[in-house]
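The values are calculated or read from the model by the stated rules, or taken from the named source; none is laboratory data. Remember, predicted model here, so these are calculated numbers, not experimental data. Positions of Cβ are backbone-derived with ideal geometry, glycine not excepted, and every protein chain shown enters the neighbour counts. The area values use the complete protein model at the heavy-atom level, side chains included, leaving out ligands, DNA and RNA. Shrake-Rupley method; radii C 1.70, N 1.55, O 1.52, S 1.80 Å.
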Amino acid sequence: MTNDQNTADAARAENDNTGKLAGTGAGVIAGAQLGTVLLPIPIVGTFSGALVGGLIGNKIGKRFGRAILNKMDICSDQPSSGSKANLANELQRLTDLRDAGVLTDDEFKAAKAKLLGL
């Protein structure tokens, strides 16, 4: 296996883990809210919902989160940490401009797509 292939495999594994973690977090939050409503027993409903939501979110995040990250090519190109920081800073700046009302949602989406090369 070449060094480039090892790097690409490591990036895919990192994308898997990131997708799973993001999905788990979102699933826990959504599941806890749903469980509280469906099982109005103190703590039990919230915990049960969070557990189920986390498990489902983990699977969804692994499948779709990985695909999104691979599509964005964030990890597979292995840019220097400086360029990753610049990308993150620029995304944050665009978000701040949108939140402040300087950019419309459409302008924000277009600027983000251009920044990410989509």
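Between Ala110 and Glu90, what is the FRET efficiency for a Förster distance of 22 Å, r being their Cβ-Cβ separation, to the nearest 0.05?
The formula returns an efficiency of 0.95 here.
Take the Cβ atoms of Phe47 and Asn17, set R0 to 35 Å, and the FRET efficiency comes out at 0.90.
Subtracting the Cα-Cα distance from 0.36 nm times the residue separation, let me have the gained length for Ala10 to Ala100 in nm, one decimal. Each step should come with its number before you reach the end.
Values: separation 90, 0.36 × 90 = 32.40 nm, distance 3.79 nm.
The span from Ala10 to Ala100 would gain 28.6 nm if fully extended.
Close amide H contacts of Leu103 (hydrogens built in the peptide plane, cut-off under 5 Å, sequence separation of 5 or more or a different chain): Arg98. Within the assembled protein chains, the solvent-accessible surface assigned to Arg93 is about 120 Å², based on a 1.4 Å probe.
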